[in-house]
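Working notes for the structure below.
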Amino acid sequence: MFICPVCGETLIQSEKSFVCRNRHLFDKAKKGYVNLLLGHDGSQHGDTKDMALARFEVMQSGIYAPLKDCAVRTLKKHLHHPAVIADCGCGECYYTAAVQSAFPQAQVLATDISKAALEVANRRDKRILRAVASTYHLPLADASCDAALNIFSPFAAAEYARILKPGGYLLMVIPLENHLWELKQVVYDKPYRNEPKDTALPGYRLCEESECTYYKTLSGARCMAVFDMTPYRIKTAPEDRQKLEHIHALELTFSFKVLLYRKEY
Ligand SMILES: [Zn+2]
């Protein structure tokens with residue numbers, strides 16, 4: 001369950017709101033989420049409505065299904081009867097919904113800074129409890145989660161360490177060297193490959209790492225949609241990005257490492 005961002009007490013859910021014992025009240029939005037970002041309405045943060053919808057369409061097309069399956073498989077192998085799983089920086093809950101289906105008995109809590117993303121997420125599994133919140137200030141109690149997901153979202157190390165139970169699991173996905181290499185070759189004059197990352201994480205033991213690499217042939221429009229979902233979007237000049245408009249079809253490499261860590265006792 002979420003905690004109150006004002007006093008830290010547990011928030012109790014009723015039909016239309018969440019309230020703590022100190023009577024701090026947070027209305028539930030029509031689209032099912034609750035805004036726990038103090039002093040903000042959340043509309044100005046993160047993905048916009050258009051970005052969230054574009055991402056939803058891309059995800060529905062199944063481009064990232066092999067990664068989703070690999071992530072779920074990895075969790076299923078290690079995680080038995082989890083009570084609480086948190087997805088921090090959940091976006092429109094594509095991976096979150098797969099995890100909820102894989103662990104139907106678990107309470108899955110999802111947070112994102114983007115209100116628009118959480119609105120779109122309402123189209124997915126309605127059992128997931130969703131809150132607008134910063135990953136750097138999670139509305140989750142200390143040592144309350146059996147597992148936490150970090151899939152293409154900022155890794156706020158201190159917050160993850162705080163919310164995980166001792167022995168809790170952290171699932172992380174990182175892009176590998178050749179991820180979207182063909183896209184970069186089109187867009188950049190001097191493309192570079194992703195640097196291999198050090199996977200050691202202080203305070204955790206690495207339980208499993210699996211590589212997930214696959215190829216998909218996409219239209220130019222879809223290539224652009226995929227590009228726009230990456231951090232490259234903000235780093236790239238509009239004239240470079242527009243080079244993608246001239247693509248008819250392109251085979252892209254998707255390449256990730258799925259890492260499962262266990263928090264030390
Ligand atoms: Zn409160």
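The values are calculated or read from the model by the stated rules, or taken from the named source; none is laboratory data. Just so it is clear, the model here is predicted, and its values are computed rather than measured. FYI the Cβ positions are ideal-geometry reconstructions off the backbone, even for glycines, and counts take in every protein chain you see.
Every listed requirement among (1) surrounded by 11 or more Cβ atoms within 10 Å (Cβ to Cβ); (2) free of Cβ contacts under 8 Å to residues at least 24 places away in the same chain is met by Glu208 save one, (2).
Considering only residues that are within 15 Å of the ligand (Cβ to nearest atom), out of contact with any strand residue (DSSP E or B) (no Cβ under 8 Å at 6 or more places or on another chain) and either more than 12 Å from Pro139 (Cβ to Cβ) or not in a loop (DSSP other than H, G, I, E, B) (or both), which ones fall in region 15-33? Show your work before the answer.
From region 15-33, those within 15 Å of the ligand (Cβ to nearest atom) are 17-27; that's our starting set.
Keeping just the survivors that are out of contact with any strand residue (DSSP E or B) (no Cβ under 8 Å at 6 or more places or on another chain) gives 22-24.
Within region 15-33, Asn22, Arg23 qualify.
So which of Ala102, Ala83, Ala98, Ala65 is in contact with a strand residue (DSSP E or B) (Cβ under 9 Å, 6 or more places away or on another chain), at pLDDT 95 or above, of a type in the set (A, V, I, L, M) and more than 16 Å from the ligand (Cβ to nearest atom)?
Details: Ala102 fails: in contact with a strand residue (DSSP E or B) (Cβ under 9 Å, 6 or more places away or on another chain); Ala98 fails: in contact with a strand residue (DSSP E or B) (Cβ under 9 Å, 6 or more places away or on another chain); Ala65 fails: in contact with a strand residue (DSSP E or B) (Cβ under 9 Å, 6 or more places away or on another chain).
Unique residue meeting the criteria: Ala83.
Evaluating Glu9 against the criteria (1) away from the ligand (no atom under 16 Å from the Cβ); (2) farther than 30 Å from Ala225 by Cβ; (3) surrounded by 13 or more Cβ atoms within 10 Å (Cβ to Cβ); (4) not hydrophobic (A, V, I, L, M, F, W, C) leaves one unmet condition, (1). Put simply, of Leu37, Leu11, Leu53 the only residue that is within 23 Å of Val84 (Cα to Cα) and modelled with pLDDT under 95 is Leu37.
Among the residues making up region 34-61, those that are under 19 Å from Tyr136 (Cα atoms) and either touching a strand residue (DSSP E or B) at 6+ places or on another chain (Cβ under 6 Å) or more than 16 Å from the ligand (Cβ to nearest atom) (or both) are Val34, Asn35, Leu36, Leu37, His40, Asp41, Gly42, Ser43, Gln44, His45, Gly46, Asp47.
Glu119 falls short on exactly one of the conditions (1) in a helix (DSSP H, G or I); (2) of a type outside the set (Phe, Trp, Tyr); (3) surrounded by fewer than 19 Cβ atoms within 10 Å (Cβ to Cβ), and that condition is (3).
Which count do you get for residues in region 157-175 that are at pLDDT below 95 and either assigned to a helix (DSSP H, G or I) or farther than 16 Å from Leu260 by Cβ (or both)? So that I can check it myself, show each step before the final result.
Initially, region 157-175 is screened for residues at pLDDT below 95, giving 174-175.
Imposing the further condition that a residue be either assigned to a helix (DSSP H, G or I) or farther than 16 Å from Leu260 by Cβ (or both) reduces the set to 175.
The total comes to 1.
Scanning region 86-105 for residues that are in contact with a helix residue (DSSP H, G or I) (Cβ under 7 Å, 6 or more places away or on another chain) and farther than 19 Å from Met172 by Cβ gives a single hit, Glu92. Of the helices (runs of 4 or more DSSP H) contained entirely in region 178-258, not one carries at least 1 residues that are among the aliphatic types (A, V, I, L, M) and touching a His at 6+ places or on another chain (Cβ under 8 Å). Here Met1 fulfils each of the conditions (1) at pLDDT below 95; (2) under 21 Å from the mean Cα position of the chain (by Cα); (3) away from the ligand (no atom under 16 Å from the Cβ) apart from (3).
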